[in-house]
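Down below is the structure, laid out as structure tokens.
Throughout, read-outs are computed from the coordinates displayed, never taken from laboratory work. Everything quoted here is computed from the prediction, not taken from an experiment. Note that we place each Cβ from the backbone using ideal geometry, even for glycine, and neighbour counts take in every protein chain shown.
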């Protein structure tokens, strides 16, 4: 789902870009990067974080989504 949204943004230049990307490597570790932008596309906050080993891509994306929600809450984002 995240990869599909990313490809749509890259190839179709849609205005809604993905805000969660999870990386699944041969080492079974994840890294998540989050960029939060306002409605004009200006940067509000950003972070990156390494995660514990996982075995499935779905789990990596789910963990990245949870990290994103927690980060947004921590920086005071109340609505999307």
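Expected output is a single nm value to one decimal: the length gained when fully extending between residue 70 and residue 43, i.e. 0.36 nm times separation in residues minus the C-alpha distance. What is it?
8.0 nm
Counting other beta carbons within 10 Å of each Cβ, put 47, 55 in order, fewest first. Walk me through the numbers on the way to the answer.
Working: 47 14, 55 9.
Listed from fewest to most nearby Cβ atoms, that is 55, 47.
How would you rank 56, 61, going from fewest to most other Cβ atoms within 10 Å of each one's own Cβ? Don't jump to the answer; show the numbers that get you there.
Numbers: 56 10, 61 21.
Going from least to most buried by this count: 56, 61.
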